[in-house]
Structure formats: structure tokens, C-alpha cells
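Laboratory data are not the source of any read-out in this text; all were calculated from the coordinates shown. Since we're looking at a predicted model, the values are computed, not measured. Cβ: placed from backbone, ideal geometry, glycine included. Neighbour counts: every protein chain shown.
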């Protein structure tokens, strides 16, 4: 019989619920590792398809494997026509994350291997999801503008194609390089809320699409993936603010959060935030749009001073703080910032789902079934007496 451990009302923080070989975090030292490789090394030297291959297969690809993987992504990117037809019937003001979440089950219906739960089949399904999520996001953005979705171009890379399908023009090398690095940085982050949602769902033996649908639902929340959009809204609302330091102080005095500051795991600088800050500064300088980045730096500096005064030196910028500026400078609308997160994180979700299903990192997969302590009305083991409503004749 499994020993019962009381860990209620802590959001499972610090509770180890499974083994994993996919990624590792040392929050005190600011370390993030995918399959043994540090995020700094991957961000500087690997493309997103290389990282997606690494997450799915456990080892980096060689040149031939990478070329084959890129070909698989291109071939898998075509979306069934009925999915586009469905998107055209959605309200034009529907939230992109809701559209994305609704679109995954539509893709599942057309997958010929939906019922095949082998590792090999799930890797192929993972590749289809990695290929098609960007297509869904870009297609929805064009459809809501009254424009037709664009097919993938065989001459373009995975990241190039997304920007092309989103904006209708081929992107600059700089834009592609920056977004590809962003996708690398966001690809996985151990048992965060969305990844745990994926794993919990597929522990019931639900298929990979059901798990990813749950992950997208979790990612949509403002305390998880939706935080980058909240950072953007904060920046836009403060463009005319004359005293940023005073605003930060007032926010903290009221018990409000500074969006993009602080992390549930990292007690030092989020290693991903360092890259995003550098990219924001570079994009701002090259585009001549320095105001937003300058405002971000002012908020960061003021917040760090205020946190130090209040004895909270562990609160620093997280991955969302500068990703908002980066995406904005790439011409990405605020409500698409969280979907961009999803088109990257689906690589990690797929890797974790496969691990959960195959038991790769543990003796065997186990159905997640936590307990809750009942604190509601109690009338003893016999239960409370339920009094039927008095019945009245319809003729009265």
C-alpha cells in the first residue's frame, strides 16, 4: 500500500511526482538543461528543429538526420481542408489560444495513427504537431483578417515558414534567427503547469492530441504562458508614464505583481531571460524602436531596487519579461504571443508525453490520482438528510 503524504495547498511545489530524462532545472544556480545540454549552448549553436529532434529522440541529430527531420516537418505541415473550413466559422474576435486549443482535436481526427500508441507512432505524431501548430496560428491570424491561409514554402525553414505565413512576406535573416532562438529557449521546462497537464492526461492512456490540448489550456492562463501578453499590456499602458520607479513602488505597495518578474523555480536570473534581453536590445537598436526596450529596462531596474528594499532579492526577470518586447519588435500581435510559446513548447510536451506513455524514465507509467481533503458540510457517515421538495400539481 502506498504511503499517504500530506502536501496539500502548496500547488505541488517541491513535490517530486515522476522521473524524467527530458530536462533539468537548478533554480538556485539558474541552470536549465535539455537532455544533458545546457540551454546557453543550445541557444547559441542549435536551431529549433535540432532541439526538437533532441527532445523527441534523446540525442542530437547528425546532418543527414537533421535534413530528414526538416523534410518530415515540411511534409507534415499540410493541414486538412476541413480544419480551415472550421476556422472560417469561428468568431473573428475569438482568442487565438482558444482557437488553437479547439484546433488540436480537429487535427487528431485526421491522424491515421491516432490509435497506435507505440513509441515510433507517437514520435511521428509529435512531428505532425510540431509542424502543424505554427500553421494553425498563422492561418487563424490571416483568416480573422479576411485573408486566405498560405501554404508552406519548400525553400523556407520551419521558422521562416511561420513568419512568412503570418505576415505574407518572407522574413529577414535577423527576424528568423531571433525567433528561432526564442523557440529553442521555450521548447521545454520540466514539470511546469502545462507539461504536467499533458502528462497527467496521457497517464489515463488518452492519445497525444488529448494531452497537448490540455497543455494548451494550461498554457493559456495569465500565470503561465499568458504572462508574456500581460507584460506587453503593462508596457503599452506605461508608455506615457513619467515616473516608472514611483509606479513600481505603488504597485508593490498595493500587493500587485510586476508582470514578468519572479519565477516559481528560479531564485536567480532565469537563464532564458538573459538571451531575450540581449535580443530585445539588439532588435530595438537595429529597428530604431528603442522606446519599448528602454521602458522594459526602467521597469526592471526600478523593480530590482524595490525588491531589494523589501528583502526579496531572489525576484528577477523571467522568460516572459523580455520575450514580450522581442515578439512585439518582430511584428507579432500581443494576442499571438502565447500561441508562439505553444508552437515551441509542443516539442517538449511531445517528448514528455512519449516518456509518460512508454515509462522510459520509470519502472512503469502510473495514473496520476492525488487526494483531496474534504472540508465541506458533514453530517456523519450516514450523510445529511435530503428533504425532497414538496410537489405541486400543475393544475394549481
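For the stretch 15-165, the alpha-carbon coordinates run over 47, 40, 33 Å along the three principal axes, in decreasing order. Only helical runs count toward this figure. For the chain, summing -39,500 (n - 2.57) over DSSP H runs of n ≥ 4 and dividing by all residues gives -17000 deg cm²/dmol at 222 nm. Inter-label distance, residue 65 to residue 78: 2.8 nm, where each label sits 7 Å from its Cα along the C-beta direction. Taking a label point 7 Å from the Cα of residue 294 along the Cα→Cβ vector, which residues of the stretch 215-259 have an amide N closer than 13 Å to it? 239-242, by backbone N distance to the label point. GNM on the chain, alpha-carbon springs under 10 angstrom: the most fluctuating residue among 144, 257, 35 is 257. For the stretch 284-346, the equivalent ellipsoid derived from the alpha-carbon gyration tensor has semi-axes of 25, 17, 7 Å in decreasing order. Taking label positions 7 Å along the Cα-Cβ direction at both residue 28 and residue 236, the computed distance is 4.2 nm, reported to one decimal.
Each of 338, 118, 358, 159 was scored by other Cβ atoms within 10 Å of its Cβ. Arranged with the fewest first, they read 118, 358, 159, 338. Among 201, 212, a tally of other beta-carbon atoms within 10 Å of each Cβ gives an order, fewest to most, of 201, 212.
Net length available on complete extension from residue 114 to residue 57 is 18.5 nm, with 0.36 nm assigned per residue and the Cα-Cα distance removed. Select from 171, 370, 148 the residue whose mean-square fluctuation is largest in a Gaussian network model of the chain (Cα-Cα springs shorter than 10 Å). Of the options given, 370 has the highest mean-square fluctuation. Residues of the stretch 13-38 with the amide nitrogen closer than 19 Å to a label point 7 Å from the Cα of residue 223, along Cα-to-Cβ, please. 13-17, by backbone N distance to the label point. All C-alpha pair distances within the stretch 229-328, sorted into 10 Å bins from zero, spread as 16, 51, 30, 3 percent across the bins. Remark on the chain: hydrodynamic radius 22.7 angstrom, per the Kirkwood mean of 1/r across alpha carbon pairs.
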